[in-house]
Amino acid sequence: MLALHDVRVFYGAIEAVKGISFEVRQGELVTIVGANGAGKTTTLRTISGIYRPATGSITFEGQDLTALPSHEIVALGISQSPEGRLIFGSLSVRDNLMLGATRRADRATIPEDLDYIFSLFPVLGERINQSGGTLSGGEQQMLAIGRALMARPRLLLLDEPSLGLAPMLVNRIFAVISRLKETGVTILLVEQNARKALEVADRAYVMETGHIILEGDARSLATNPEIKKAYLGG
Amino acid sequence: MAAAAPVQRPVRRQPFARQQAMLALAVLLIGALLTWFAHANLNGYRQQLFILCAIYAIVAVSLALTSGFTGVFSLGQIGFLAIGAYVSALLTMPPLVKQPIMLPGLPEWLATFDTTGWPPQAALLFACLVGGAVAAIIGLLVGAPLMRLSGNYVAVATMGFLIIVHSVLNNWGAVTRGARGLSQIPTSTNPWVAYIWLVIAVYVALRLRNSPYGRSMIASRENLIASRGIGVNVLRTRLLAFVVSAFLTGVAGALLAHQIGAIAPTTFYFGTTFTVVIMVVLGGMGSISGAVVGAVIMTLTPELLRPIEAGGAIGPIQYSGLYGLSNIILAVGFILIMIFRPQGLFGERELGLALFGRRTPQQEWAGESIAITPELAPEIDEPIPDPRA
Amino acid sequence: MSAAEFGQQFINALSLGSIYALVAIGLAMVFSILRLINFAHGETLMIGAVAGVVLADRGLPWLIWLPLAVLITVGAGWLMERVAYRPMRGAPDVTLLLTSLGVSIALQNGALLTLGSQPRPFPTPAVLGGQIPLAGGVQISRVNLVTIAIAIVLMIALTWFVTRTQTGIAMRATAENAMAARLMGINTNTVIIAAFLIGAALAGVAGFLWGSRVGRVEYDMGFIPVLKAFVATVIGGFGSIPGAVLGAYILGFGEIFLVALLPDYLTSYRDAFIFVALILILLIRPQGILGSTEPEKI
Amino acid sequence: MTSAPDDIILEASGLSRSFRGLQALADYNLRLATGEILGVIGPNGAGKTTLFNVITGFLPPTSGTIRLRGQEITGKEPNSVAALGIARTFQNIRLFSRMTVLDNVKTAQQLRGKAGFWETLFSTPSFLAKERALDEAAYAHLQSLGLEQFSDVYASALPYGFQRKLEIARALATEPSVLLLDEPAAGMNAQETAEITGFIRAIHQRFGLTIIVVEHDMTLIMPLSHRIQVLNYGRVIAEGTPDEVRGNPEVIEAYLGADEPADAVGA
């Protein structure tokens, strides 16, 4: 469904992503784990068209994404819940969610999707008219995921959904991710919390300083001694 | 510790290496030759142009000092030019034209202050120093609060300062004669005086940059927070640059007043501000030689454009000339520079230093990814004695 | 000051503030998205007024030349974004500021070149002439009345636009975080162009009102309004549209009542006082009245 | 050594800081002994960086006091705090990018002595001597930390790991007695983390430092710290030796992860 081939991304002279290749297949939940600064977020943003790769190709269902502006990439069915949530703090929860639906063609089904998101995150329904900036960190994370879902994505990109959340909320978020996967959404999840990510994912890639250093199915990576040592704190 | 015996360090450049001294001497000599030529051989108009280049180079250098080094973008520099010009003019104008009937607001001592008997150059030097000093004092008073601001805010606040100065010049008729301006200022500025002050300005700027003060200035520009974190007093550092540059610009104002012999508020407003900003941006913010080159280009270009502006403007620095074509060309040229070469002609570099073998800092580390030297680290498991134990 | 005088000045202040508000909104909108202080915004106002003069010279009735002139300013705003500002996206704030000064000077001199340095009379429509007597001996000029009315209508329309329409909400989202907006599928280019176009249209209307007020047009007539509008945005908080409007009215009132209350020999220093106030605001509350107080992240 | 009161170098009592009603730091207390290494851990947003900002003067506390060697430093400007002997690094590296590595260090070093204004202006022999001394000292400092090969390179051109080191080297050049390290291992892999751990250990001894280190990576914090404080929502929820903290159920709940056995964390 999504395939990256030898993608390199630079910030000025600094090479943040150094020639990575990977793929996400229809219906899969794939995770990229790795430390801060490994290039995970850069990779996701490059897929979304925020950064341009210097070399390499990114294709989604056979279509080349590398030259498309980000709003057209969203229109193709790839939406993202960004790192740090990036909620529009001055806008209401409703406006935030509606912005997620900016590129939707089938506007008639929007109310239906709103209901679906409120069933996933009831608290958003309670706060529909509150401004996004007044939500707690966990609620903002739910809003960010809900906002991305409003695009009715076929591929959902989740960037560090557990960042800065209390463990109880982390569990909630991951439960929702599992549930989303069951509904058939293809998900690419970037996480520092490797332990949780490997629990829910089908397959995983490990990134370090701009390279993918390991890949495999999530369960076997979770038991890989090297991974345990470096990322699971064990 | 595993620190090896100190390796003989490679020969390093000293703050004023011989090559640089040679270069400086060469530049000084060439400048002096040009000045001599201008003084002895050029006709009045071209000589005036030479002087104007030098005066604006002083302003550009001082703007580069405050805006380029500290990153505090000042749009109020021309306010100091005005202060230097007016203060010096009021000192040296003959008492006859400072009588209460002309300038009723002048205090008695200033109205009767008479330099007509002095040697002209002594009077000019005195006027320059006082003009510069007053500009510096006002710079201190204005800068002390304003240097707390950064980015757009400081640009806007200094612009406010310029507007205030302009408003005072225009409205305080009892001292400034308002829009009519001051005239009958002795025209004692000659190429040599202008050149010598330019040399002083360049020297001061270079000296400051290659000193603890300059490092603090550039550090605070590069990362305000980190510079405070390592003990840089950012306010004081910026203020120093601001006051020194106000002094130099004040001197330039005095030279300007004593070149033309008549000054009016229109000279000291946005048009000139913009011209000087272009000089610095064109040369490269943070490059002293760039500022000088930028000033020369920007002073001479309108003169070259003059023939196509049939009829001609009143001086190269006039911003609202009669027809406006040269200003359009300059403004469009400026926008193109901003788009295609925002770092200007020289960026941070100085003209010619590379020729003399000065090593410029490497922008890229050649040896790609080096492993962090493991021998520096002692064994991880070596216990650290707990001081509380 | 008598009650009648006060009433008179009050309406003058409201009208002046309205014009500043129309100009300030455009500045604030563009600033909030691009961090660009668009000094050339004053020249859009000038272009609107000049276009009015040129079209009226052709003998067109004002009902026709006014919309045409506004259309021309909109075109000018679009061109400005396209030619000068788009290539500068992402440049440092000060670079953007200087570029806009460059654009401003180029346009002013362009007008100088075509118009000459002599002011031209503005073809104020006859309906705007004269005074309407109000209670208590207060008179309101029709220009002032129309200015206030137009400003209120346009501001209500704008409020509706930014809170109720998809493009308006997208605009606020882009101002808050452009990258997040792009991730939502918002075409930020469209949003930026929309901001320029709306700002230019408001400036075009302001140009008409300003021309009617002062009765003449000049190549550098945009300078004072943009400077004042700019002060208004600083008072209200850089980049906040309600802040810009609030700041514009504060400035309008400040200016009118300063002149009314100051002793005669100080009234000509009006601008100096205003900019002293501006500097004080920058020092005491740089984020303005309605600006956010987000501390810098360390 | 004993923890007699005069051994306390840094003391904070009742420190609080709030942002728009949000309590980023609440009633924080600390008595830090000379030579101690204190680890501070906690989830993102727990107030760790706020703590550093308050101690170093970047943010005035809403209430509470900070004392360095008994002298109150609450509310002092960051540059004064640095002059008194507290240096820090930043979570996202903050170098002077368009300055050489040597000049980065010199700028920090000149806090301890530099030429005066008139000396500079007239380039007197004393100015030249001071500049030369500064130059040599800065180079020696880089040499002692293994960074001298980079001295003429722009700081922005350094490889990532060395940028972290340079930031520490620059902080050390201010000759601090207390060093605050904000996530020194962020973005590093296991090997680099081990390396930077050793580096910190080395400078701790060589410069006789007292250190507070904020870090997420347990492989750095556990072997390095004498004592660990766990922050959550601005409050210290646990404090003790690495072993004590590791076994504390509240810590596991709030930070280390409730659903994992304690031995999954740390060494």
Quiz item: In terms of solvent-accessible area of protein heavy atoms at a 1.4 angstrom probe, what is the ranking of D:160, A:51, highest value first?
Solution: D:160, A:51
Self-check item: the protein assembly as shown - convex hull of alpha carbons, volume per residue in Å³
Solution: 199 Å³
Self-check item: With every protein chain in place, segment A:80-234: carbon and sulfur % of accessible area (1.4 Å)
Solution: 52 percent
Self-check item: Average accessible surface area per residue within segment C:63-126, 1.4 Å rolling probe, Å²
Solution: 43 Å²
Quiz item: Can you give the Rg to Rh ratio of segment A:91-221, both from alpha-carbon atoms, with Rh computed by the Kirkwood formula?
Solution: 0.99
Practice problem: State the volume of the convex hull built on the alpha-carbon positions of segment B:21-366, expressed per residue in Å³ and rounded to an integer. | Solution: 149 Å³
Quiz item: Comparing the chain by itself with all protein chains present, which residues of segment D:67-105 are at least 50 Å² less accessible (probe 1.4 Å)?
Solution: D:79, D:94, D:96, D:98, D:99
Self-check item: 1.4 Å probe accessible area per residue over segment A:1-127, in Å²
Solution: 37 Å²
Quiz item: In the neighborhood of residue B:147, defined by Cβ-to-Cβ distances under 11 Å, what is the net charge if each Lys or Arg adds +1 and each Asp or Glu adds -1?
Solution: +3
Exercise. Helix by helix through chain C, keep the DSSP H runs that span 18 Å or more along the axis on Cα and average at least -0.5 on Kyte-Doolittle, and give those back in order.
Key: C:3-34, C:41-57, C:62-80, C:93-115, C:142-164, C:188-214, C:223-236, C:241-261, C:270-284
Self-check item: Bins of 10 Å from zero: percent of alpha-carbon pairs in segment C:18-131
Solution: 13, 40, 32, 13, 2
Practice problem: May I ask for the percentage of alpha-carbon pairs in chain A that lie more than 30 Å from each other? | Solution: 22 percent
Quiz item: Rank B:221, A:103 by accessible area, highest first, at a 1.4 Å probe radius?
Solution: A:103, B:221
Quiz item: If one computes the Cα centroid of segment B:261-299 and of segment C:70-124, what distance in Å separates the two points?
Solution: 22 Å
Exercise. Return the carbon/sulfur percentage of the accessible area of segment B:21-366, one whole number, probe 1.4 Å, all protein chains in place.
Key: 71 percent
Quiz item: Tell me: how much accessible area in total is hidden between C and B, 1.4 Å probe, Å², nearest 100?
Solution: 3500 Å²
Practice problem: Please identify, among C:92, C:119, C:225, the residue showing maximal mean-square fluctuation in a Gaussian network model of chain C using a 10 angstrom Cα cutoff. | Solution: C:92
Quiz item: With each run of n ≥ 4 DSSP H residues scored as -39500 (n - 2.57), what mean residue ellipticity at 222 nm is computed for chain A after dividing by its residue count and rounding to the nearest 500 deg cm²/dmol?
Solution: -10500 deg cm²/dmol
Quiz prompt | Anisotropy class of segment B:60-216 from Cα gyration tensor, a/c 1.5 cut | solution = oblate
Self-check item: Whole-angstrom gap from segment D:101-175 to segment B:133-178, using each part's C-alpha centre
Solution: 36 Å
Quiz prompt | In the D-A interface, the accessible area buried, summed over both sides, Å² (probe 1.4 Å) | solution = 1300 Å²
Quiz item: If you average the sequence gap of Cα pairs under 8 Å that are 6 or more apart and divide by the length of segment B:21-366, what percent do you get for the contact order?
Solution: 28 percent
Exercise. In a Gaussian network model over chain A where Cα atoms closer than 10 Å are linked, find which of A:98, A:207, A:142 has the largest mean-square fluctuation.
Key: A:98
Self-check item: Part-to-part distance (alpha-carbon centres) for segment B:209-227 and segment D:27-76, which is given in Å
Solution: 27 Å
Quiz prompt | Angstrom value of the Kirkwood radius, inverse mean 1/r, which spans all Cα pairs in segment D:1-122 | solution = 16.5 Å
Exercise. Per residue of B:214-223, count partner chain C-beta atoms within 10 Å of its C-beta, then hand back the mean as an integer.
Key: 6
Exercise. Starting from the Kirkwood radius over alpha-carbon pairs of chain D, derive D by Stokes-Einstein at 20 °C in a medium of 1.002 mPa s and give it in µm² s⁻¹.
Key: 110 µm²/s
Quiz item: What spacing in nm lies between the two simple spin-label points modelled at residue B:102 and residue C:267, each 7 Å away from Cα in the Cβ direction?
Solution: 3.1 nm
Quiz item: So which residue, out of D:228, D:66, D:252, gets the largest mean-square fluctuation from a GNM of chain D using Cα contacts under 10 Å as springs?
Solution: D:252
Quiz item: Averaged per residue, what accessible surface does segment B:21-366 expose to a 1.4 Å probe, in Å²?
Solution: 37 Å²
Exercise. List the relative contact order of chain C as a percent without decimals, with contacts defined as Cα pairs under 8 Å and 6+ residues apart.
Key: 35 percent
Quiz item: Total accessible area buried between chains B and D, 1.4 Å probe, in Å² to the nearest 100?
Solution: 6100 Å²
Quiz prompt | Per-residue mean of C-beta atoms belonging to partner chains within 10 Å, peptide A:65-73 | solution = 3
Quiz item: Mind checking the mean number of beta-carbon atoms from other chains within 10 Å of the Cβ atoms in C:73-85?
Solution: 1
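The values are calculated or read from the model by the stated rules, or taken from the named source; none is laboratory data. Because the structure is predicted, anything quoted here is derived from the model rather than measured. Note that we place each Cβ from the backbone using ideal geometry, even for glycine, and neighbour counts take in every protein chain shown. Surface accessibility is based on the protein's heavy atoms, side chains included, excluding ligands, DNA and RNA. Shrake-Rupley method; radii C 1.70, N 1.55, O 1.52, S 1.80 Å.
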